[in-house]
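Asks: This structure is in C-alpha coordinates; I'll ask about it shortly.
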Amino acid sequence: MSKIAIMGAMPEEVAPILEKLGSYKTTEYAGNKYYEATYNGVDVVVAYSKIGKVFSTLTATTMIEHFGCDRLLFSGVAGAVSPDLKVGDLVVATKLSQHDLDITAFGHPYGYVPEGSVFVEADKDMIELSKKVASKMDKSVKEGIIATGDQFVANEERKNWILDTFNASALEMEGGSVAVVCNALNVPFFILRSISDAADMDASFSFDEFLESSAIISAEFVMNMVDELIKK
(Lines give C-alpha, C1' and ligand atoms only; values in the text may rest on other atoms or scores of the structure.)
Protein backbone atom coordinates (compact mmCIF):
# COMPACT_ATOMS: atom_id res chain seq x y z
CA MET A 1 0.00 0.00 0.00
CA SER A 2 1.63 3.23 -1.08
CA LYS A 3 -0.90 6.00 -0.52
CA ILE A 4 -4.52 6.25 0.70
CA ALA A 5 -6.99 8.84 -0.58
CA ILE A 6 -9.60 10.09 1.88
CA MET A 7 -12.26 12.15 0.23
CA GLY A 8 -15.38 14.13 1.07
CA ALA A 9 -17.53 16.60 -0.82
CA MET A 10 -17.66 19.51 1.64
CA PRO A 11 -15.28 21.10 4.17
CA GLU A 12 -17.45 19.80 7.02
CA GLU A 13 -16.88 16.23 5.81
CA VAL A 14 -13.08 16.36 5.89
CA ALA A 15 -12.54 18.74 8.84
CA PRO A 16 -12.72 15.93 11.46
CA ILE A 17 -10.23 13.90 9.39
CA LEU A 18 -7.75 16.77 9.15
CA GLU A 19 -8.11 17.29 12.89
CA LYS A 20 -7.17 13.66 13.48
CA LEU A 21 -4.13 13.95 11.18
CA GLY A 22 -2.86 17.02 13.03
CA SER A 23 -0.13 18.28 10.70
CA TYR A 24 -0.30 18.19 6.92
CA LYS A 25 0.99 19.90 3.80
CA THR A 26 -1.45 21.78 1.59
CA THR A 27 -0.99 21.47 -2.16
CA GLU A 28 -3.08 23.47 -4.61
CA TYR A 29 -3.75 21.71 -7.90
CA ALA A 30 -6.45 21.90 -10.60
CA GLY A 31 -8.51 24.45 -8.71
CA ASN A 32 -8.61 22.52 -5.46
CA LYS A 33 -6.62 21.96 -2.25
CA TYR A 34 -5.14 18.60 -1.32
CA TYR A 35 -3.87 17.87 2.17
CA GLU A 36 -0.90 15.48 2.33
CA ALA A 37 0.16 13.80 5.55
CA THR A 38 1.78 10.74 7.04
CA TYR A 39 -0.55 8.82 9.33
CA ASN A 40 0.83 5.91 11.35
CA GLY A 41 3.60 5.48 8.80
CA VAL A 42 1.36 5.56 5.72
CA ASP A 43 1.00 8.44 3.24
CA VAL A 44 -2.50 9.85 2.94
CA VAL A 45 -4.04 12.53 0.77
CA VAL A 46 -7.24 14.23 1.93
CA ALA A 47 -9.51 16.50 -0.12
CA TYR A 48 -13.05 17.75 -0.38
CA SER A 49 -14.15 17.88 -3.97
CA LYS A 50 -16.97 20.42 -3.80
CA ILE A 51 -20.50 19.21 -4.44
CA GLY A 52 -21.62 17.20 -7.47
CA LYS A 53 -20.53 14.55 -9.93
CA VAL A 54 -18.21 16.70 -12.06
CA PHE A 55 -16.15 18.02 -9.16
CA SER A 56 -16.00 14.63 -7.45
CA THR A 57 -14.86 13.00 -10.70
CA LEU A 58 -12.09 15.59 -11.06
CA THR A 59 -10.95 15.18 -7.46
CA ALA A 60 -10.98 11.38 -7.43
CA THR A 61 -9.07 11.25 -10.72
CA THR A 62 -6.51 13.78 -9.45
CA MET A 63 -5.95 11.85 -6.23
CA ILE A 64 -5.26 8.68 -8.19
CA GLU A 65 -3.45 9.96 -11.28
CA HIS A 66 -1.57 12.98 -9.90
CA PHE A 67 -0.97 12.03 -6.26
CA GLY A 68 -0.61 8.29 -6.84
CA CYS A 69 -3.23 7.03 -4.40
CA ASP A 70 -3.94 3.32 -4.76
CA ARG A 71 -7.00 3.08 -2.49
CA LEU A 72 -9.83 5.55 -1.92
CA LEU A 73 -12.18 5.99 1.02
CA PHE A 74 -15.07 8.45 0.90
CA SER A 75 -16.57 9.95 4.05
CA GLY A 76 -19.72 12.03 4.00
CA VAL A 77 -23.43 12.46 4.57
CA ALA A 78 -26.49 11.33 2.61
CA GLY A 79 -30.25 11.44 2.52
CA ALA A 80 -32.20 8.34 3.52
CA VAL A 81 -34.24 6.59 0.87
CA SER A 82 -35.00 3.45 2.82
CA PRO A 83 -37.63 3.96 5.55
CA ASP A 84 -35.42 1.84 7.83
CA LEU A 85 -32.78 4.60 8.04
CA LYS A 86 -32.76 7.52 10.45
CA VAL A 87 -30.48 10.53 11.02
CA GLY A 88 -27.03 9.45 12.23
CA ASP A 89 -27.23 5.91 10.81
CA LEU A 90 -24.22 4.69 8.82
CA VAL A 91 -24.55 3.18 5.35
CA VAL A 92 -21.77 1.33 3.53
CA ALA A 93 -22.23 1.28 -0.23
CA THR A 94 -22.25 -2.21 -1.72
CA LYS A 95 -22.77 -0.70 -5.15
CA LEU A 96 -23.61 2.70 -6.60
CA SER A 97 -25.70 4.09 -9.44
CA GLN A 98 -26.46 7.44 -11.06
CA HIS A 99 -30.16 8.14 -10.62
CA ASP A 100 -30.17 11.21 -12.90
CA LEU A 101 -28.55 9.46 -15.87
CA ASP A 102 -31.35 8.95 -18.37
CA ILE A 103 -31.13 7.71 -21.95
CA THR A 104 -34.23 5.57 -21.62
CA ALA A 105 -35.45 7.11 -24.91
CA PHE A 106 -33.00 4.72 -26.61
CA GLY A 107 -34.30 1.66 -24.80
CA HIS A 108 -31.73 1.59 -22.00
CA PRO A 109 -32.53 1.36 -18.28
CA TYR A 110 -32.13 4.38 -16.01
CA GLY A 111 -28.52 4.87 -14.91
CA TYR A 112 -27.02 3.07 -17.91
CA VAL A 113 -24.88 4.21 -20.82
CA PRO A 114 -23.48 1.91 -23.55
CA GLU A 115 -20.20 0.28 -22.45
CA GLY A 116 -21.10 1.16 -18.87
CA SER A 117 -23.36 -0.40 -16.26
CA VAL A 118 -26.24 0.67 -14.06
CA PHE A 119 -24.29 -0.24 -10.90
CA VAL A 120 -20.62 -0.16 -9.91
CA GLU A 121 -19.65 -2.47 -7.04
CA ALA A 122 -17.50 -1.24 -4.16
CA ASP A 123 -14.49 -3.18 -2.90
CA LYS A 124 -15.67 -6.34 -1.13
CA ASP A 125 -12.57 -6.63 1.08
CA MET A 126 -13.06 -3.15 2.52
CA ILE A 127 -16.77 -3.80 3.00
CA GLU A 128 -15.83 -6.92 4.96
CA LEU A 129 -13.28 -4.92 6.97
CA SER A 130 -15.96 -2.36 7.80
CA LYS A 131 -17.86 -5.06 9.71
CA LYS A 132 -14.85 -5.50 11.98
CA VAL A 133 -14.62 -1.73 12.49
CA ALA A 134 -18.33 -1.50 13.26
CA SER A 135 -18.01 -4.27 15.83
CA LYS A 136 -15.06 -2.57 17.52
CA MET A 137 -16.96 0.73 17.63
CA ASP A 138 -20.13 -1.02 18.79
CA LYS A 139 -22.00 0.61 15.93
CA SER A 140 -24.76 -0.71 13.73
CA VAL A 141 -23.81 -0.21 10.09
CA LYS A 142 -26.15 -1.00 7.23
CA GLU A 143 -25.08 -2.06 3.75
CA GLY A 144 -26.98 -0.96 0.68
CA ILE A 145 -27.13 0.64 -2.72
CA ILE A 146 -26.34 4.34 -2.87
CA ALA A 147 -27.80 6.44 -5.69
CA THR A 148 -26.01 9.54 -6.92
CA GLY A 149 -27.31 12.53 -8.86
CA ASP A 150 -26.64 16.21 -9.46
CA GLN A 151 -29.59 17.33 -7.40
CA PHE A 152 -30.35 17.76 -3.71
CA VAL A 153 -33.48 15.66 -3.35
CA ALA A 154 -36.09 17.17 -1.05
CA ASN A 155 -39.12 15.63 -2.68
CA GLU A 156 -41.05 12.57 -1.52
CA GLU A 157 -42.12 11.60 -5.04
CA ARG A 158 -38.56 11.70 -6.44
CA LYS A 159 -37.23 9.87 -3.40
CA ASN A 160 -39.77 7.07 -3.82
CA TRP A 161 -38.99 6.83 -7.55
CA ILE A 162 -35.28 6.35 -6.73
CA LEU A 163 -36.19 3.68 -4.18
CA ASP A 164 -38.38 1.82 -6.67
CA THR A 165 -36.01 2.18 -9.64
CA PHE A 166 -32.64 1.44 -8.00
CA ASN A 167 -33.65 -0.24 -4.73
CA ALA A 168 -31.41 2.37 -3.08
CA SER A 169 -30.89 2.79 0.64
CA ALA A 170 -29.53 6.33 0.44
CA LEU A 171 -28.87 9.09 -2.05
CA GLU A 172 -26.18 11.74 -2.42
CA MET A 173 -24.30 13.72 -5.07
CA GLU A 174 -20.81 12.22 -5.50
CA GLY A 175 -20.46 8.49 -4.79
CA GLY A 176 -21.58 7.13 -8.14
CA SER A 177 -19.11 9.24 -10.11
CA VAL A 178 -16.25 8.39 -7.74
CA ALA A 179 -17.15 4.73 -8.19
CA VAL A 180 -16.92 5.03 -11.99
CA VAL A 181 -13.46 6.63 -11.75
CA CYS A 182 -12.10 4.06 -9.31
CA ASN A 183 -13.54 1.17 -11.30
CA ALA A 184 -12.04 2.46 -14.55
CA LEU A 185 -8.62 2.97 -12.95
CA ASN A 186 -8.67 -0.32 -10.98
CA VAL A 187 -8.47 1.39 -7.59
CA PRO A 188 -10.32 -0.29 -4.69
CA PHE A 189 -12.81 2.09 -3.08
CA PHE A 190 -15.03 2.30 -0.03
CA ILE A 191 -17.89 4.77 0.37
CA LEU A 192 -19.48 5.46 3.74
CA ARG A 193 -22.36 7.82 4.35
CA SER A 194 -23.96 9.02 7.57
CA ILE A 195 -27.63 9.93 7.21
CA SER A 196 -28.31 13.66 7.60
CA ASP A 197 -31.89 13.88 6.31
CA ALA A 198 -34.81 11.90 4.90
CA ALA A 199 -34.72 13.37 1.35
CA ASP A 200 -38.25 14.70 1.86
CA MET A 201 -39.79 18.17 2.02
CA ASP A 202 -37.99 18.82 5.34
CA ALA A 203 -34.62 17.69 3.99
CA SER A 204 -33.00 21.11 3.67
CA PHE A 205 -33.78 21.99 7.29
CA SER A 206 -32.64 18.60 8.57
CA PHE A 207 -29.47 18.68 6.45
CA ASP A 208 -28.30 22.01 7.87
CA GLU A 209 -29.01 20.86 11.41
CA PHE A 210 -27.33 17.47 11.24
CA LEU A 211 -24.56 17.99 8.65
CA GLU A 212 -21.75 18.52 11.12
CA SER A 213 -22.71 15.79 13.60
CA SER A 214 -23.34 13.25 10.83
CA ALA A 215 -20.03 14.13 9.15
CA ILE A 216 -18.15 13.56 12.41
CA ILE A 217 -19.72 10.09 12.78
CA SER A 218 -18.72 9.13 9.23
CA ALA A 219 -15.19 10.56 9.57
CA GLU A 220 -14.53 8.67 12.80
CA PHE A 221 -15.54 5.42 11.14
CA VAL A 222 -13.41 6.05 8.04
CA MET A 223 -10.33 6.83 10.12
CA ASN A 224 -10.84 3.57 12.00
CA MET A 225 -11.00 1.89 8.60
CA VAL A 226 -7.64 3.45 7.73
CA ASP A 227 -6.22 2.13 11.02
CA GLU A 228 -7.33 -1.40 10.08
CA LEU A 229 -5.98 -1.10 6.53
CA ILE A 230 -2.59 -0.09 7.91
CA LYS A 231 -2.51 -3.18 10.13
CA LYS A 232 -3.17 -5.55 7.20
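Asks: What nm value, rounded to one decimal, do you get for the distance between ALA184 and GLN151 when each label is placed 7 Å out toward the C-beta?
Replies: My value for the distance between the label points is 2.4 nm.
Asks: Continuing with this model, one more query. At 222 nm, what helix-only mean residue ellipticity would the chain give, in deg cm²/dmol to the nearest 500, using -39500 (n - 2.57) for each DSSP H run of four or more?
Replies: Calculated from helices alone, the mean residue ellipticity at 222 nm is -12500 deg cm²/dmol.
Asks: Based on the Cβ-Cβ distance of LYS124 and GLU28, what FRET efficiency does E = 1/(1 + (r/R0)^6) give at R0 = 41 Å, to the nearest 0.05?
Replies: Between LYS124 and GLU28 the formula returns 0.70.
Asks: Continuing with the same structure: About the Cα centre, and with charges only on the beta carbon of Lys, Arg (+1) and Asp, Glu (-1), how big is the dipole of the chain? Nearest 20 debye, please.
Replies: Magnitude of the dipole: close to 720 debye.
Asks: Express the accessible area of segment 134-174 per residue in Å², computed with a 1.4 Å probe while the remaining protein chains stay in the model.
Replies: Working: 2040 Å² over 41 residues.
Value for segment 134-174: 50 Å² per residue.
Asks: Among SER23, SER82, SER130, determine the one that fluctuates most according to a GNM of the chain built with springs between C-alpha atoms less than 10 Å apart.
Replies: Looking only at SER23, SER82, SER130, the biggest GNM fluctuation is shown by SER23.
Asks: Residue separation times 0.36 nm, minus the C-alpha to C-alpha distance between LYS231 and ILE103: what's the value?
Replies: Here the segment from LYS231 to ILE103 would lengthen by 41.6 nm.
Asks: Something else: On a 1.4 Å probe surface of the protein chains, which of TYR48, TYR34, TYR24 comes out largest in accessible area, and what is the full order?
Replies: If we order TYR48, TYR34, TYR24 from most to least accessible, we get TYR24, TYR48, TYR34.
Asks: When we measure straight from the Cα of LYS136, which aspartates and glutamates land under 13 angstrom away, once same-chain ones fewer than 8 places off are left out?
Replies: GLU220, ASP227, GLU228
Asks: I'd like the accessible area for HIS66: 1.4 Å probe, protein heavy atoms, all chains in place, Å² to the nearest 10.
Replies: For HIS66, the solvent-accessible surface is approximately 90 Å².
Asks: Could you list, in their original order, any pairs among LYS33/LYS232; LYS124/LYS232; LYS3/LYS232; LYS53/LYS231; LYS20/LYS131; LYS139/LYS231 whose Cα atoms are separated by more than 25 Å? Each step should come with its number before you reach the end.
Replies: Details: LYS33/LYS232 29 Å; LYS124/LYS232 15 Å; LYS3/LYS232 14 Å; LYS53/LYS231 32 Å; LYS20/LYS131 22 Å; LYS139/LYS231 21 Å.
From LYS33/LYS232; LYS124/LYS232; LYS3/LYS232; LYS53/LYS231; LYS20/LYS131; LYS139/LYS231, over 25 Å: LYS33/LYS232; LYS53/LYS231.
Asks: Another one. Specify the residue with the greatest mean-square fluctuation among SER117, SER214, SER49, computed from a Gaussian network of the chain linking alpha-carbon atoms under 10 Å apart.
Replies: With Cα springs under 10 Å in the chain, the top fluctuation among SER117, SER214, SER49 is at SER117.
Asks: With the full set of protein chains in place, find how many percent of the accessible area of the chain is carbon and sulfur; take the probe as 1.4 Å.
Replies: 50
Asks: Considering only the other residues whose Cβ falls under 11 Å of the Cβ of LYS20, what net charge follows from Lys and Arg at +1 and Asp and Glu at -1?
Replies: Local charge sum for LYS20: -3.
Asks: Non-local amide H neighbours of THR94 (under 5 Å, H modeled in plane, Pro and chain starts lacking H): which ones?
Replies: GLY144, ILE145, ILE146
Asks: Follow-up question, since we're still on this one. Binning every alpha carbon pair distance of the chain at 10 Å from zero, what are the percents per bin?
Replies: 8, 36, 38, 16, 2, 0
Asks: Select from segment 1-60 those GluC sites (Glu not before Pro) which occupy a DSSP coil region and have at most 15 other Cβ atoms within 10 Å, ordered by residue number.
Replies: none
The values are calculated or read from the model by the stated rules, or taken from the named source; none is laboratory data. Quick caveat: nothing in here was measured; it's all calculated off a predicted structure. A quick note on method: Cβ atoms are made from the backbone with ideal geometry, for glycine too, and the neighbour counts reach across all protein chains shown. Note: accessible area is taken over every heavy atom of the protein model, side chains too, but ligands, DNA and RNA are not part of it. Shrake-Rupley method; radii C 1.70, N 1.55, O 1.52, S 1.80 Å.
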